[in-house]
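Laboratory data are not the source of any read-out in this text; all were calculated from the coordinates shown. Note that the coordinates shown come from a computational prediction; the quantities given were computed from them, not determined experimentally. Cβ placement follows ideal geometry from the backbone for every residue including glycine, while neighbour counts extend to all protein chains displayed.
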Amino acid sequence: MILLNTRSKYLQIAFNRSLEEVEEMISLLPPSPKIIIEAGTSLIKRYGNKAISDLNYWWAKKIGQPGYIVADIKAMDRGSTEVKNAAQAGAAAATCLGLAPVETIGEFIKNCETHSIDSMVDMMNVPFPFEVLQKLKKLPDTVVLHRGADEHALNRGKKIPLNQITRIKGAYGKVLISVAGGETVREVITDFFNGADIAVVWRSFYEKPKDTANLANDFLKLIK
């Protein structure tokens with residue numbers, strides 16, 4: 001299942017500050033249906049499933065309807081248990097690492113479907129995402145092409161594999177593509193130009209939380 005409008009583009013904002021800071025930042029966001037809220041991995045490790053449920057509550061209150069919350073759990077094993085916990089906390093989607101065993105990815109996708117949430121497979125540090133997809137009996141709803149935060153800071157020469165978007169969509173047209181690792185307006189424009197459906201950002205919001213509203217509006221201008 002895909003709970004998003006497949007004809008639209010989305011801005012996904014990842015939150016990893018304290019819950020108090022995140023609550024304030026969410027209150028500053030424009031109530032746009034094109035914004036996806038992510039409970040980041042660090043946030044979930046710090047606060048557990050409360051992070052997911054709190055973000056779900058704050059965003060739904062802000063937009064006046066249920067929002068789309070991604071639980072970035074980065075499952076590597078025991079995919080079924082982690083999916084159940086994320087879904088019960090109010091997540092609309094959860095993530096699994098493409099580096100996980102094929103069996104784990106398969107169980108993760110199956111259990112996302114069972115619990116009526118979207119499955120996202122994060123291909124960070126996977127040289128050839130297409131090869132992972134070929135091994136799966138069932139495809140995820142979203143493939144995440146990802147340059148990690150440490151890579152962004154310490155290895156700027158490593159590119160996000162945007163060239164994979166056309167190949168993946170050509171073979172698996174119904175799969176959405178999310179791109180994480182670009183932080184500037186120019187990089188987000190490039191993501192969408194190359195066919196991405198979702199652009200994930202976090203650093204700009206993390207470094208300038210008081211500018212949340214202006215930052216979000218600047219990025220939303222890129223989304224049609």
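The table below lists the values:
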| quantity | calculated |
| --- | --- |
| Simple spin-label estimate for Lys174 and Tyr57 in nanometres, 7 Å along Cα-Cβ | 3.6 |
| Diffusion coefficient, µm² s⁻¹, Stokes-Einstein with Kirkwood Rh over alpha-carbon pairs of the chain at 25 °C and 0.890 mPa s | 142 |
| Per residue convex hull volume, Cα atoms of segment 11-69, in Å³ | 64 |
| The chain - mean residue ellipticity at 222 nm from DSSP helices (-39,500 (n - 2.57) per run, n ≥ 4, rounded to 500) | -12500 deg cm²/dmol |
| Mean separation of Cα contacts under 8 Å, 6 or more apart, over the residue count of the chain: relative contact order % | 20 |
| Of Lys61/Lys169; Lys74/Lys138; Lys135/Lys174, those spanning more than 25 Å from alpha-carbon to alpha-carbon | Lys61/Lys169 |
| Whichever lysines have a C-alpha closer than 17 Å to that of Lys221, once near sequence neighbours (fewer than 8 apart) are set aside | Lys9, Lys34 |
| For segment 1-100: rounded, prolate or oblate by the Cα gyration tensor [a/c cutoff 1.5] | oblate |
